[in-house]
Amino acid sequence: MGRLARKKQHKGDKPLKEKYRTRRKTKDLDEIHEDMKAGNAKKLLNQPIDHDLPGSGQHYCLHCAKHFISHQALTEHFRSKPHKRRLKALQTEPYTQAEADRAAGMGSYVSPKKVKVDTVSKMGNKMDQSEDVEPS
């Protein structure tokens, strides 16, 4: 007789598994837009020392909501593809309740606006993506 073929009953479950996986859950884009406001951004970029966080919480990427162990690792992250993808995703205006109401038929469609997003370092200055930082 030969071996029986295995049934592939859970073949298309990968997106479902990734959706409910909470281990690597990051902030949603609308939460990051809230963090990018002036008062919140200043608090997040100038956090008090916390030894439980990587790099004592002193090297934080505002757009990706990640802590890094050193300033060099942070500047390398600014040049990475995932960071650039996140900046591109943050350029569209976040979804609002007013937009949901318009989609439900309570108003006419208004296309989402573009938001200018630049990488912000801890010093408060905006960094260009092609700019190289000298190691200290």
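The numbers here are math on the coordinates, done by the rules we state, and not lab data. Nothing here was measured: the structure is a model prediction, and the numbers come from that model. Methodologically, a virtual Cβ is constructed for each residue, glycine included, from the backbone with ideal geometry; neighbour enumeration extends over all protein chains shown.
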Using Cα pairs closer than 8 Å and at least 6 residues apart in sequence, work out the relative contact order for region 27-127, in percent. 23 percent
Net charge contributed by nearby residues that have their C-beta within less than 13 Å of D35 (K/R +1, D/E -1): +2
Excluding K113 itself, calculate the net charge of residues whose Cβ lies under 12 Å from the Cβ of K113, where each Lys or Arg counts +1 and each Asp or Glu counts -1. 0
Check T92: other-chain or 5+ apart residues with amide H under 5 Å from its amide H, H built from backbone geometry? V115
Restraint check, K81/K113; K27/K84; K37/K114; K43/K116, Cα-Cα greater than 19 Å: K81/K113; K43/K116
Cβ-based net charge around R102, under 15 Å, with every Lys or Arg adding one and every Asp or Glu removing one: -2
FRET efficiency for A89 and K14, using Cβ-Cβ distance with R0 set to 22 Å, rounded to 0.05: 0.55
